[in-house]
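The values are calculated or read from the model by the stated rules, or taken from the named source; none is laboratory data. Remember, predicted model here, so these are calculated numbers, not experimental data. Here the Cβ positions follow ideal geometry from the backbone for every residue, glycine too, while neighbour counts run over all protein chains shown.
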Amino acid sequence: MSRIHALETLVVNKIAAGEVVERPGSVVKELLENSVDALASRVEVDIGEGGSELIRVADDGEGIHPDDLPLAVTSHATSKIRGADDLFRVRTMGFRGEALASIASISRLRLRSRQAGADSGCEVSVDGGQVGPVQPCGCSVGTVTEVRSLFFNTPVRRKFLRSVATEFGHISEHFTRIALACPRLAAVLRHNERIVYELPPTEQILDRLRLFFGSDLADRLIWVESQTDQARLWGYVGHPSESRSTRKGQFLFLNGRWIQDRSLQHALGEAYRGLLMTGRYPVAFLFLELSPDQVDVNIHPTKAEVRFRDAQSLYRQLLSTLRTRFLTADLESTVSVPAGLQVAAQPPAVDPNRQLGLQLELAAWAKDRLAQWTPPTTFPGDSSLTPSGHELGNEEFGSIGAEIIRADRELHSAATGFGLPDNGEFNTGGFAPGPAASSLPGNQGASPGTGSPAKQIMQVHDCYLVVETDEGITVIDQHALHERVMYEHLRRRVIEGAVESQKTLVPQPLEFGPREASALLENKDLLTQLGYGVEEFGGTTVLLAAYPAMLAQADHSRILADIADQLAAAGQKPSRRDILDSLLHLMACKAAVKAGQRLKPEEMESLLAQRHLIDDAHHCPHGRPTALVLTRTELDRQFGRLG
Ligand code: ADP
Ligand code: MG
């Protein structure tokens, strides 16, 4: 008796569904991609209960002919490719003809469609893979795909669904990716009948970035672009001060498709090397355009990973485009746009002066950081980094390194040429210890050189200061100590009612959420005590009119955003003193030097000199110790020197 038999279509589809439909979010992705392929100009997505009850995508695309309806839900039936050759000419999101059949095998699916010119629409229903008859129905031009009771006949999968909020989070992520890839597509997302996003069509990707990620981020993005024989790369990358603790702020699109690529992710990380603290990731929205025959998108059922024909040169292109951007003071290119770009690659709609300011700030800041940066001598040889299996030879990478060193050098001269501060001060968008230190009372005697020169100070791991003392050695947490110093100083000033306030040249508009904006305005006098002057501007915009003089270099929009969060969260009215105290902690923490920040010898000395000015030098305002003492006796005991 033969043992091998062909599987029934239903089973085949269920198996395929296992690959394509991981969770409700995957269904949303597939349906949205079908709408994009159908050249829709508008999509509406309705979700019920995180997608487990309902996923409905309605578009105004070209629709499906009634005769094709049963085929649309049949596996390996597609209108997008014909032969194997077409696999390397794919310009559509779909081509496998698998999605609808897979989804229909594990849900109750209804597909309604009407083409332009047809009198009415037609629909077909599929219940757990059982295809019903095609019937006429009323509907507008376009297609409505409705998926109910996902995983109803695969109980194990259904059981593995996470909370409604988590599943909706995934849906929202897929929606965001498509919305960023297709800014001209008007898109609505509703959850349990409430609108979550309503996106008008736009020619500017920046409009979408602003809607999804807020104006603060959008205004600090840096435009990048480059063109090689093979590929065009364009998009926006985040100012280094906008780093994240995960890669969630990184979006890469290939020919309009969101993809994940470890090699290019790595290149992005390399581009920011020396600009970010370890464990921080840059924000980036990058778009790659290359001829479809340069890439195989058919290596993964969800097509989230692709294989490039020449992964190495893309790696190099991304790295050098960004590095050059960071290093040059060529400001023209921030705002100039070559003719004939695709619509989505429109010039950034930002104020050129603002871009100029940003660029100067960045160049000044990067200058110091990059001086310490040495290009890697080896490429991460891990072949899994390049899906193509190609590895970049050291030789080849060596030349990138050389290129970057050259660019670094150019930056130094360029930066000086622009009259950037050449006094070695670095500005992390937070607070540099030098100016902070020198503004502290009684600090005059603490200038470099007047401290005790005999005592050694060493910074280790860019985080701790190790100091030789009469008692033995002291290890100091640089952030904790500076935070404490700042806190004590601010507190004293607040108590004395003497916080010096610096007026902004022009009131600076800052955007907040509605709750946060009103919390700030309701607590205006409290903020005045802290040295902040805020004014109402209308809507959710607040004008920053003054800031504490000693926090001249701090990022006030961030500090105020955190203060607003605290004020908005403080449910029942806490005492004024408590609020003030917690705001002082917050400001001190924001303004203090961070762990991971390299300090110059004079900055270390200045910081240490102020240790003696504060009431409790041993703990930061959060109560963590600022210093550990290892006595000479203890050292001698450990080394067996005590008799
Ligand atoms: P694929 O997208 O890979 O071709 P699908 O299973 O997603 O496979 O869809 C099968 C076919 O159904 C598509 O090739 C397309 O012809 C048709 N189709 C699906 N959704 C739509 C839609 N929203 N508008 C027009 N046609 C659609
Ligand atoms: Mg499809």
- request: Within segment 173-181, identify whether any single residue is among the β-branched types (Val, Ile, Thr) and within 16 Å of ligand 1 (Cβ to nearest atom), and answer yes or no.
  value: yes
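Yes or no, residue by residue, for (1) basic (Lys, Arg); (2) within 20 Å of Gln597 (Cα to Cα):
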{"position": "Thr228", "(1), (2)": "no, no"}
{"position": "Gly249", "(1), (2)": "no, no"}
{"position": "Gly256", "(1), (2)": "no, no"}
{"position": "Ile259", "(1), (2)": "no, no"}
{"position": "Glu270", "(1), (2)": "no, yes"}
{"position": "Leu276", "(1), (2)": "no, yes"}
{"position": "Arg280", "(1), (2)": "yes, yes"}
statement: Going through segment 173-198 in order, the residues found to be surrounded by fewer than 16 Cβ atoms within 10 Å (Cβ to Cβ) and farther than 20 Å from Arg210 by Cβ are Asn192, Glu193, Arg194
message: Would you confirm whether or not segment 123-130 contains a residue that is within 16 Å of ligand 2 (Cβ to nearest atom) and out of contact with any Pro (no Cβ under 8 Å at 6 or more places or on another chain)?
response: yes
task: Hey, can you tell me all the residues within segment 262-298 that are part of a loop (DSSP other than H, G, I, E, B) and under 18 Å from Thr176 (Cα atoms)?
output: Val283
Hits in segment 91-116 (condition: touching a strand residue (DSSP E or B) at 6+ places or on another chain (Cβ under 9 Å) and away from ligand 1 (no atom under 13 Å from the Cβ)): Ser107, Arg108
query: Are any residues in segment 173-196 aliphatic (A, V, I, L, M) and either more than 18 Å from Gly235 (Cβ to Cβ) or not in a helix (DSSP H, G or I) (or both), and if so, which ones?
result: Leu185, Ala186, Ala187, Val188, Leu189, Ile195, Val196
- request: Determine, yes or no, whether Gly63 is more than 14 Å from ligand 2 (Cβ to nearest atom), crowded, with 20+ Cβ neighbours inside 10 Å, of a type outside the set (Phe, Trp, Tyr) and in a loop (DSSP other than H, G, I, E, B).
  value: yes
statement: Of the residues in segment 229-247 that are touching an Asp or Glu at 6+ places or on another chain (Cβ under 9 Å), at pLDDT below 90 and not in a loop (DSSP other than H, G, I, E, B), the one that is farthest from Arg177 (Cα to Cα) is Ser241
- request: Look at segment 143-163 and say how many of its residues are farther than 11 Å from Arg108 by Cβ and not in a loop (DSSP other than H, G, I, E, B).
  value: 8
task: Look through Asp60, Asp119, Asp127 and report the one residue that is in the same structural domain as Glu33 (by TED's automatic domain parsing) and either under 22 Å from Gly256 (Cβ atoms) or within 12 Å of ligand 1 (Cβ to nearest atom) (or both).
output: Asp60
- request: Give me a count of the residues in segment 1-53 that are at positive phi and within 14 Å of ligand 2 (Cβ to nearest atom).
  value: 1
- prompt: So which of Leu319, Leu275, Leu314 ends up being of a type in the set (A, V, I, L, M), touching a Lys or Arg at 6+ places or on another chain (Cβ under 9 Å) and touching a residue at least 12 places away in the same chain (Cβ under 8 Å)?
  reply: Leu275
message: For segment 518-541: of the residues being over 31 Å from the mean Cα position of the chain (by Cα) and among the charged types (D, E, K, R), which is farthest from Ala591 (Cα to Cα)?
response: Glu522
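A quick yes/no check of all residues on (1) of a type in the set (A, V, I, L, M); (2) farther than 24 Å from Thr278 by Cα; (3) buried (at least 21 other Cβ atoms within 10 Å of the Cβ); (4) in the same structural domain as Ser313 (by TED's automatic domain parsing):
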position: Ser215; (1), (2), (3), (4): no, yes, no, yes
position: Leu221; (1), (2), (3), (4): yes, no, yes, yes
position: Gln230; (1), (2), (3), (4): no, yes, no, yes
position: Gly238; (1), (2), (3), (4): no, no, yes, yes
position: Ser241; (1), (2), (3), (4): no, no, no, yes
position: Thr246; (1), (2), (3), (4): no, no, no, yes
position: Gly249; (1), (2), (3), (4): no, no, no, yes
message: I'd like to know if segment 78-88 contains one or more residues that are assigned to a helix (DSSP H, G or I), more than 7 Å from ligand 1 (Cβ to nearest atom), surrounded by fewer than 22 Cβ atoms within 10 Å (Cβ to Cβ) and at pLDDT 95 or above.
response: no
query: Can you name the residue in segment 22-48 that is among the small types (Gly, Ala, Ser) and surrounded by fewer than 19 Cβ atoms within 10 Å (Cβ to Cβ) and is also farthest from ligand 1 (Cβ to nearest atom) among such residues?
result: Gly48
query: Among the residues of segment 89-117, which ones are within 14 Å of ligand 2 (Cβ to nearest atom) and assigned to a helix (DSSP H, G or I)?
result: Ala99, Leu100, Ala101, Ser102, Ile103, Ala104
- prompt: Residues of segment 124-172 being of a type in the set (Val, Ile, Thr), farther than 16 Å from Lys14 by Cβ, surrounded by 18 or more Cβ atoms within 10 Å (Cβ to Cβ) and more than 34 Å from the chain's Cα centre (by Cα), which ones?
  reply: Val124
- prompt: For the subset of segment 468-492 comprising residues that are of a type in the set (Asp, Glu) and assigned to a helix (DSSP H, G or I), which member is modelled with the highest pLDDT?
  reply: Glu483
query: For segment 3-15, does any single residue satisfy the condition of being in contact with a strand residue (DSSP E or B) (Cβ under 8 Å, 6 or more places away or on another chain), in a helix (DSSP H, G or I) and within 13 Å of ligand 1 (Cβ to nearest atom)?
result: no
